[in-house]
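Accompanying notes for the structure given below.
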Amino acid sequence: MLGDCVSPSKAKKGVGTHPVIQKIERALEDVLSKLQMPALDTFANASEGEPPQPQKLQPASGFQTTRENSREPAEDEKNIAPAPMGSLYEATQLNSLRSRLRRGNPRKRNAKRRMEADMISQNLLSIADAEELLDLFKRSLSRYLFNTAIPEDVPLTSIRESSSILFTAIMLVSALHVPGKEAIHAICHKQFLELVSTAMFDRFHTLDDIRGLCIAAFWQPDLSWKLSGLCIRMATELNLHHAFYKAFYTPGLTEGERAGYMEKARVWYLLYVLDHHFSIAYGRPPVTAELLPIREYNVFVNSPTTTTSDRRLISQVSLFVILSKAYEVFGLEPDRIMGSDDATLLTHMRFTEETRSWRDHWRDALSRDKYVGDYPSKGVILHHGFTELVLNSLALRGRPLERLEDLPTSLRPLASRAIDAAHFILQYTMEELSYRESLVGIPLYLHSMLAFAAVFLMKIAHKWHTIGVNIDPETQTKPLIEGMIRTLRGCRAGANHMVYSMASGFERLLKQWGKSATNGVSQRSLLPRPDALHRTESGTVLTPSMHSSPEYAMGQNYDPTLSSESYEVPLTAMSGYSYGGWGQDDMLWSVGMGYDLLAPNGSDSTDYPGSYYPLGRQDSMHQAS
């Protein structure tokens, strides 16, 4: 039969191999890998007539009780007091009890098999398309991950050989950002899900596998939460959280060994950022703990081998350290009401001061990038706006919309600063060129924060006059939302990109805003009198756009003397009023609120809302203008 598959002359040259032979080779590679034997390539290199000496194999009684016969000494075996599972593994030697890194160079081991099984070999993706998508990722998207994902000079062949998950993730994410690549994105999405399903129960992982999962989690909305947890689990199984200690506190390392541990530490820092991105976005507790690498990030950033990208990465780590401590104090429960006592307010002030110090430190410490321009330093300012919104909106958490006027007086300046921060975020995003140009490439978390700002404003706009906020929603808030819609629609990306879902969601909520004005409630009646607007000594009306500088001040639109008597319609005339599709019992502040506008019918969801459409939605609003 084998003679029918390939001719002797072609077999010697290794060309023209029949598909049946390829399948047999892949099956043999799997068998050799399971038995811990040398790779198949080593047999092909043996001199003719002198086959390698066969190894004596012990029979296995089944997958669950498979033991290794020849193993390298594990770190746990050198440790007198290892983790309990390490002792159990040492005693039983059961393979199923541990996950580990593949032996040898992961870019070489089974490289041929990975390439033969990927999308290019299956003729699902052309070499030209793959090169185009990889180039986009290296010069743009990878910059938003601080160049931690892949080296800038790595070729396509090397990525295909190193990890099918990494290769497919890069193709998946890059295709999402390119107009006209929707069909490729759908193919990549299907292939990636199959690879992840297999990796879930695989005991062998590589650093590049983790990078691939991380890349997809940062941008793919339907997979983000699940993948962030999976890649962190894999990373801890490979002890990436120990790499920092190895790099800086282990004596006698060679330069090559230290560089290897530094690279693993970078990936661990990236996973920390990923974890906290979606912890905040979804309102769920983070998985990663504040271990030694996080507590001593200054040791890493001050290392002689630290790069510009490393400093950007650590800037994010240091911000999420502050926010993590804040959430430990104030909690993640959406019904938990913030206290108005002096001790609580002082604690809150301490966290806001820390974030301002963070902004002042990192704003000038990050240099310009040749591909994404001033995004690193400008991003610091916008991230500070996000923290102002998140921290100050805690004053409104758990409070029903219909009783906003009951907000304690001591918390009203915090609510005003949250409203100012939301206005600033939208204004700054549209006015700052480097950030406007980055709207398509930025990770999903930043889109969620933009959505949080917009939805927050539209939920509270008709009621903020009851707590002394003197911003005119019709002339100051609504134009910002409309401008944001135009900005998002003007982006060039694949039809499935989040910017188009955001634009459609904002537009839907604005229509509900308009309907509320025609259902018997005058918009003018909900606004302060013109003479109640906050003015400077020269008579100029202060608006959020005047706070767009890095030194913007929050809470300048708060007037403690303003009350419901300043308005033409008494507060009682608004009983039973429902604004923008939200009922009276809705909470003003809910963690993960930025995602609710993306649901097709505005429905609530505990995860990414709505169905995922890998080939693009039929709705024309999702197409780029």
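Just so it is clear, none of the values below were taken in a lab; they were calculated from the coordinates. The model shown is predicted, which means the values in this text are computed figures rather than measured ones. Reconstructed Cβ throughout: ideal geometry from the backbone, glycine too, with neighbour counts over all protein chains shown.
Summary of computed values
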{"quantity": "Ranked L509, L332, criterion: other C-beta atoms within 10 Å, fewest first", "calculated": "L332, L509"}
{"quantity": "Part-to-part distance (alpha-carbon centres) for the range 171-199 and the range 113-135, which is given in Å", "calculated": "12"}
{"quantity": "For the range 111-238, diffusion coefficient by Stokes-Einstein and Kirkwood Rh (Cα), 37 °C, 0.692 mPa s, µm²/s", "calculated": "228"}
{"quantity": "Hull-based mean projected area of the range 316-475, where the convex hull spans the alpha carbons, in square nanometres", "calculated": "9.7"}
{"quantity": "Long pairs among K190/K226; K459/K511; K264/K378, criterion Cα-Cα beyond 20 Å", "calculated": "K264/K378"}
{"quantity": "Interatomic Cα distance distribution for the range 335-396, bins of 5 angstrom, percent", "calculated": "4, 17, 21, 18, 14, 10, 7, 5, 3, 1"}
{"quantity": "Per-residue Cβ neighbour rank within 10 angstrom, fewest leading, T355, T429", "calculated": "T355, T429"}
{"quantity": "Order of D202, D118 - criterion: other Cβ atoms within 10 Å of each residue's Cβ, fewest first", "calculated": "D202, D118"}
